[in-house]
1. Using the Kirkwood radius over C-alpha pairs as Rh, can you work out the diffusion coefficient of the stretch 2-70 via Stokes-Einstein at 10 °C, viscosity 1.306 mPa s, in µm² per second?
2. Could you please state, rounded to a whole Å, how far the C-alpha centre of the stretch 4-37 is from the C-alpha centre of the stretch 56-72?
3. Place a label point 7 angstrom from the Cα of K57 along the Cα-to-Cβ direction, then list the residues of the stretch 2-41 whose backbone nitrogen is under 13 Å away.
4. At 25 °C and 0.890 mPa s, grab the translational diffusion coefficient of the stretch 1-40 from Stokes-Einstein with a Kirkwood Rh over Cα pairs, rounded to a whole number in µm² per second.
5. Restricting attention to the stretch 1-63, which trypsin sites (Lys or Arg not before Pro) occupy a DSSP loop and are surrounded by at most 10 other Cβ atoms within 10 Å?
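Just so it is clear, none of the values below were taken in a lab; they were calculated from the coordinates. Everything numeric here is computed off the predicted structure, so don't read it as measured data. Reconstructed Cβ throughout: ideal geometry from the backbone, glycine too, with neighbour counts over all protein chains shown.
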Amino acid sequence: MQIGVAYADKFKRTWLTLDVPNGSTVREAIEHSGLLRHYPDIDLAIQRVGIFGKLSKLDAPVNEGDRVEIYRPITVDPETVERRDQ
């Protein structure tokens, strides 16, 4: 089945489309994508993951067309940062 896997660090965004076996989990999809080799700073024991913007567990199954996302930790407290006027 075809899915997408997405990750962005401070400098680069990566979104891959790949085929994974039916019954694959979020963890298996991430491992199959190769992102762990390209971004050695990813730590799945700490970082959260999701499917289409909704938090998910690593052992959750993926479905055809899902977009698996790896989220970076928040490094700034949003309550202490001044708002930017747009």
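1. 134 µm²/s
2. Here the two parts' Cα centres lie 9 Å apart.
3. Correct set: 26-27.
4. Calculated translational D: 232 µm²/s.
5. K10, K12
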